[in-house]
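**Student:** Quick one: this structure, given as structure tokens, is what I'll be asking you about.
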Amino acid sequence: MPLLERVPLLEKNLSDYAEVVEPGTIERIRELAAPLAGARVLHVNATAYGGGVAELLATHVPLLRAAGLEADWQVMRGTDEFFHVTKSAHNALQGADIEWDLRDERVYLERTVDNATALEGEYDFVVLHDPQPVAIREFVRGHRFDNNGAKWIWRCHIDLTDANPRVWEFFRPYVEQYDVSVWTMPSFVPESLEMDRVVQAPPCIDPLSVKNLDLAQPFVDEMCRSYGVDPGRPIMCQVSRFDPWKDPVGVIEAFRIAREEVPGLQLILAGSMATDDPEGFHYWELCEEARAGDRDVFLLSNLQQVGAVQINAFQRAAGVVVQKSLREGFGLTVSEALWKGRPVVGGRRGGITLQIEDGVSGYLVDSVDECAARCVEILSDAETARRFGTAGHEHVRREFLSTRGARGLAASLQRPERHRVRSWR
Ligand code: UDP
């Protein structure tokens, strides 16, 4: 079995962030990181691209390095069967009613053992993300990777509020072997979890990444044209994986209702296909069916070369950005759009409620009809859209930029005290 895949990373400089973040932030990170200089940190997740965790780590790990830690990121190796099982587990933990049996557990555990024995190196902190790699902790015991002094951290990015009990009870003993678990919201933490250190920290976005850099309007317009979108007509946009929880079909329905009030409205649905998400193609087909040949609905993905620059341009081109999730751990796309000064209409779910201040930077909605009505409201009132955009940008600057995540982690790694849910703020 070969080693886990090591992800190549860009280099980042902390001082480059000084102009965008709150005053004093960079100094505070340096202060917190000083006692951790040279500490070896390994992050492990299930995919190098597509989805929020990969997006997050692509910035977080270089920032830890810039702060003087020796940080690394490795991706576990799976098979189609393994990712099928982990996607079922992911759906079940987010509340779906799915079949889960001993065969699923066996597939999961066999692949986990392979990954555990492939881990190499010596680390002071090992941070595993989401359920896919969580049981690795169990299977490195006694193995040469198991450095007794290392702290093990499990970072949960999903909402376990309505977790399927059978599946959660399978994962819970593995989670409880960690020294610390980290959650986006306290309400996501199941009551049954027995752990001394349970920490709250929201994910965050990189203001200097290609996805979020400022773009000139002519470039944005040209990018739209190159995909057949008319930048002179109103645009509604949702960026997300093709996944049931993101409700892309609901977005198409909301678009159709909204278009009756906003003539010429177009919809961009852009979503990448992640390697650990076998459902993507199926939901893409469902969207194709719902689109029914409508020439004003643009279904786009990385298969049409839609990458970070295109996503950046589409989010900027939109008169309203939508994230109509039915369940959402955080939804980085919301902060990405707010940071670009776009008003956002989002499902009143999980981490979206941390980001959109209802009626201040956008609207939280509970249905297709409400989503459509709020989009119409924003698209028909330029002054409100502008006000929402300004408020959203400021909120993200204060709360959800990646410098905050680096500061949070540095602080958390050195706090020995025991507590239940505690914010890194
Ligand atoms: N994303 C992308 N291309 C796409 C679709 C999504 O780059 O075609 C990015 C998106 O900009 C965001 C991340 O993937 O940074 C999705 O993260 P989010 O937290 O919104 O959702 P998740 O996929 O983790 O559920």
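**Student:** Taking SER335 as the residue in question, decide whether it is assigned to a loop (DSSP other than H, G, I, E, B), of a type in the set (Gly, Ala, Ser) and either surrounded by 18 or more Cβ atoms within 10 Å (Cβ to Cβ) or within 11 Å of the ligand (Cβ to nearest atom) (or both).
**Tutor:** Criteria not met by SER335.
Yes/no matrix, rows are residues, columns are (1) closer than 21 Å to GLU328 by Cα; (2) more than 16 Å from the ligand (Cβ to nearest atom); (3) among the aliphatic types (A, V, I, L, M); (4) part of a helix (DSSP H, G or I):
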site: VAL53; (1), (2), (3), (4): yes, no, yes, yes
site: LEU57; (1), (2), (3), (4): yes, no, yes, yes
site: VAL61; (1), (2), (3), (4): no, no, yes, yes
site: LEU64; (1), (2), (3), (4): no, yes, yes, yes
site: GLY68; (1), (2), (3), (4): no, yes, no, no
site: ALA71; (1), (2), (3), (4): no, yes, yes, no
site: ARG77; (1), (2), (3), (4): no, yes, no, no
site: GLU81; (1), (2), (3), (4): no, yes, no, yes
site: ALA89; (1), (2), (3), (4): yes, no, yes, yes
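**Student:** Just to check your reading of the model, which residue among ALA66, ALA89 is open to solvent by less than 20 Å² (accessible area, probe 1.4 Å) and in contact (Cβ under 8 Å) with a residue 12 or more places away in the chain?
**Tutor:** ALA89
**Student:** List pairs: first in the stretch 1-24 and closer than 21 Å to ALA54 by Cβ, second at pLDDT below 90 and in a helix (DSSP H, G or I), Cβ under 7 Å, 6+ apart or cross-chain?
**Tutor:** Listed pairs, sorted by first residue: TYR17/THR403.
**Student:** While we're here: Just checking, does the stretch 6-19 include any residue being within 16 Å of the ligand (Cβ to nearest atom) and buried (at least 18 other Cβ atoms within 10 Å of the Cβ)?
**Tutor:** Yes.
**Student:** Do you know which of the residues in the stretch 285-317 that are assigned to a loop (DSSP other than H, G, I, E, B) and away from the ligand (no atom under 13 Å from the Cβ) is farthest from ARG225 (Cα to Cα)?
**Tutor:** Restricting to residues being assigned to a loop (DSSP other than H, G, I, E, B) and away from the ligand (no atom under 13 Å from the Cβ), the top hit is ALA292.
**Student:** Also: Taking the condition among the small types (Gly, Ala, Ser), in contact with a strand residue (DSSP E or B) (Cβ under 8 Å, 6 or more places away or on another chain) and part of a helix (DSSP H, G or I), does ALA385 pass?
**Tutor:** Criteria met by ALA385.
**Student:** Assess whether GLN238 counts as being within 20 Å of SER301 (Cβ to Cβ), open to solvent by less than 60 Å² (accessible area, probe 1.4 Å) and away from the ligand (no atom under 14 Å from the Cβ).
**Tutor:** no
**Student:** Being closer than 24 Å to ALA313 by Cα and open to solvent by 10 Å² or more (accessible area, probe 1.4 Å) is the requirement here; does GLU261 meet it?
**Tutor:** no
**Student:** On to the next question. What number of residues in the stretch 346-369 are touching a Lys or Arg at 6+ places or on another chain (Cβ under 9 Å) and part of a helix (DSSP H, G or I)?
**Tutor:** Adding up the residues that qualify gives 1.
**Student:** Answer with yes or no whether VAL229 is over 30 Å from ASP104 (Cβ atoms), of a type in the set (Val, Ile, Thr) and either part of a loop (DSSP other than H, G, I, E, B) or touching a Cys at 6+ places or on another chain (Cβ under 6 Å) (or both).
**Tutor:** So VAL229 passes the test.
**Student:** Then there's this: In this structure, is PHE255 away from the ligand (no atom under 12 Å from the Cβ) and surrounded by fewer than 17 Cβ atoms within 10 Å (Cβ to Cβ)?
**Tutor:** Spelling it out, it is not the case that PHE255 is away from the ligand (no atom under 12 Å from the Cβ) and surrounded by fewer than 17 Cβ atoms within 10 Å (Cβ to Cβ).
**Student:** Can you list residue pairs whose Cβ atoms sit under 7 Å apart, with the first residue in the stretch 188-207 being under 18 Å from ASN164 (Cα atoms) and the second being open to solvent by less than 20 Å² (accessible area, probe 1.4 Å) and within 14 Å of the ligand (Cβ to nearest atom)? Count only pairs 6 or more apart in sequence or on different chains.
**Tutor:** PHE188/CYS156; PHE188/ASP159
**Student:** Could you tell me which residue of the stretch 264-284 is nearest to ALA373 (Cα to Cα), considering only residues that are open to solvent by less than 20 Å² (accessible area, probe 1.4 Å) and more than 15 Å from the ligand (Cβ to nearest atom)?
**Tutor:** Selected residue: LEU265.
**Student:** Determine, yes or no, whether VAL140 is farther than 30 Å from ASN312 by Cα, open to solvent by less than 10 Å² (accessible area, probe 1.4 Å) and out of contact with any helix residue (DSSP H, G or I) (no Cβ under 7 Å at 6 or more places or on another chain).
**Tutor:** When the stated conditions are applied, VAL140 does not pass them.
The values are calculated or read from the model by the stated rules, or taken from the named source; none is laboratory data. Being a predicted model, the structure only gives us computed values, none of them experimental. When we count neighbours, we look across all protein chains shown, and the Cβ atoms used for this are built from the backbone with ideal geometry, even at glycine. All accessible areas refer to the heavy atoms of the entire protein, side chains included, with ligands and DNA or RNA removed. Shrake-Rupley method; radii C 1.70, N 1.55, O 1.52, S 1.80 Å.
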